[in-house]
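See below for the structure under consideration.
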Amino acid sequence: MALLAELTHRCPLKCPYCSNPLELERASGELSSEDWFRVLDEASELGILQVHFSGGEPMARRDLPKLVAHATRLQLYTNIITSGVLLTDEAMAALLEAGVDHIQLSFQDVDPVMAEWIGGYAGGHAKKLLAAQRIKAAGLPLTTNFVIHRHNVDRVDAMIAMAHALGSSRVEIAHAQYYGWGLRNRAALLPTREQLDSATETVEGARDRLKGAMIIDYVVPDYFAARPKACMGGWANRFLNITPSGKVLPCHAAETLPGIDFPSVKSRSLGDIWSNSDAFNRYRGTDWMPALCKSCDRREIDWGGCRCQAFALAGDAATTDPACAKSPDHFLMAQAVEESRPDAEFVARGCMQVPRVSSDTIYVREF
Ligand code: SF4
Ligand code: FES
C-alpha cells in the first residue's frame, strides 16, 4: 500500500514524543537523490501506491521537489508530512510544480506558548499557520495533525475548531505513541484516565457536529486499552519504512528489536527485501504467534498487536502485546499509568531537561 520515506532525521523541532530513534542519523549518512530515484522506481515496480515523504523534517532536504517530481512521474500518490516551519512561498511553489498531491501539517497545540514549549522552536506556531494558508491557497488537500498528551489534551475542542477554521479536510488527533523519545518521556506525557475520557467524548461530539465537513481521525493510547492496535496493519502486511541511510523496516521502531538484520536498499532491491528477507518474514502473518494469539479470533484483526511494544515492555518481541488484556504482561500498562506524574519533566529530542511552563508564561527556549 504505502512507503514511508524517512528522508532525514534532521529537524528544527525537538518534540519530546518524537518516534525517531534515540541515535539519529547524520546528514552525511543519508541516501543521495539518485539512491531515492532508484528506490522510487523499485517501489513503483513492486506495486506500491502511495509515498509519504517524512523525517525528521523532509523539507530539510533541498532535493525534496525533485523526489516528489520523480514519484509523480511514476504515478505514485505523494504526501508530505511536515512541521511546516520551512514551507515558504518559494518552497510551496516548487512542490506544487513537482506535482505534490497532499500535505499533512503538524501542530503541537493551539496555544502558541505551549506549542513552542513542546516543539522547542520559538516562532514556530505562527509559521505553521502561514504554511496552512499556503497549502490551502495552492488548492491542495490539507490534513492537520495534533499529537496529544497530558499537557495539551484538555484543548482538543479548540484543536478541532482550529483545524476546521484552517480548511482541513481531515484532522488527526493522535495520543502520543511511546517509542523512541516518547518512551523515554512516557511518565511526563501519559494523560490521566479522566483526561482521556473527556477527550474521547469531545471527539465524538465534534464528529457528529462536523459530519460531511471534516474527517476526524482519533488514535487513543494503548495504555488504557483492552485490546491492542493492529500496528502497521500487521507486520510486513501493507507498509514499509525506509530510514535516512536506506535500511528497510516493517515499522519505524523496528530497529529497537535485537537480533534482526534489516537489509539496505543499497545492497538489495525493495521487491527482494519485501518478499524474501528474514526481517520482513519474521512476524508476518500468524505462524510466529504465541499460543494465546494463535487461538484467538482477533489474530487477523490486530495481528497480536505491536512487536516493538511487546519487546519494549515485556522484553520479548514474539509475545502478545501487553496492551491486550489477555496478556500476562497487561499489568505493565496500568503500572506505567500509575508511574506517570503531572510534575515530571521531559527530555526534548536530542536535548536537555525542559522545565514546565504554563500557558500564561512568556517563555522562549534557547538551544
Ligand atoms: Fe490480539 Fe493476541 Fe490479544 Fe487476541 S490474544 S486480542 S490476537 S493480542
Ligand atoms: Fe514496530 Fe508496532 S512500532 S511493530
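The phi torsions of segment 144-152, fed into the Karplus equation with coefficients 6.51, -1.76 and 1.60 and a -60° offset, translate into couplings of 9, 10, 10, 8, 10, 7, 3, 8, 9 Hz, rounded to whole numbers, with Gly and Pro shown as x.
Max-minus-min Cα coordinates of segment 34-120 on each principal axis give 46, 25, 20 Å, with the largest extent listed first.
Residues in segment 186-195 carry Karplus couplings, in order, of 4, 4, 8, 10, 4, x, 7, 4, 5, 4 Hz; the curve used is 6.51 cos²θ - 1.76 cosθ + 1.60 with θ = phi - 60°, and Gly or Pro positions show x.
How would segment 197-311 be classified by its alpha-carbon gyration tensor: rounded, prolate or oblate, with rounded meaning a/c under 1.5 and the a/b versus b/c comparison settling the rest? Taking the square roots of the gyration eigenvalues as a ≥ b ≥ c, segment 197-311 is prolate. Each part gets one Cα centre, and for segment 67-142 versus segment 160-200 those centres are 20 Å apart.
Compute the FRET efficiency between residue 35 and residue 284 as 1/(1 + (r/R0)^6), taking r as their Cβ-Cβ distance and R0 = 25 Å, and round to the nearest 0.05. Efficiency, rounded to the nearest 0.05: 0.45.
Placing +1 on the Cβ of every Lys and Arg and -1 on the Cβ of every Asp and Glu, with nothing else charged, gives the chain a dipole about its Cα centre of roughly 220 debye.
Any lysines with Cα under 18 Å of the residue 247 Cα? List them, leaving off those in the same chain fewer than 8 positions away. Partners within reach: 266.
Extension gain for the segment residue 23 to residue 204, taken as residue separation times 0.36 nm less the Cα-Cα distance, is 61.3 nm to one decimal. Computed over the chain with a Gaussian network model linking Cα atoms closer than 10 Å, the most mobile of 190, 95, 249 is 95.
Rounded to the nearest 500, the helix-only mean residue ellipticity at 222 nm of the chain stands at -9500 deg cm²/dmol, with each DSSP H run of n ≥ 4 adding -39,500 (n - 2.57).
Straight-distance candidates among the lysines for linking to residue 229, with alpha-carbon spacing under 24 Å and chain neighbours fewer than 8 residues away dropped: 294, 326. Couplings for segment 196-201, taken from phi via the Karplus curve 6.51 cos²θ - 1.76 cosθ + 1.60 with θ = phi - 60°, read 4, 4, 5, 5, 5, 5 Hz in order; Gly and Pro are left as x.
Readers should treat all values here as calculations from the given coordinates under stated rules, not as data from a laboratory. Here the structure is a predicted model, which means the values were calculated and not measured. Reconstructed Cβ throughout: ideal geometry from the backbone, glycine too, with neighbour counts over all protein chains shown.
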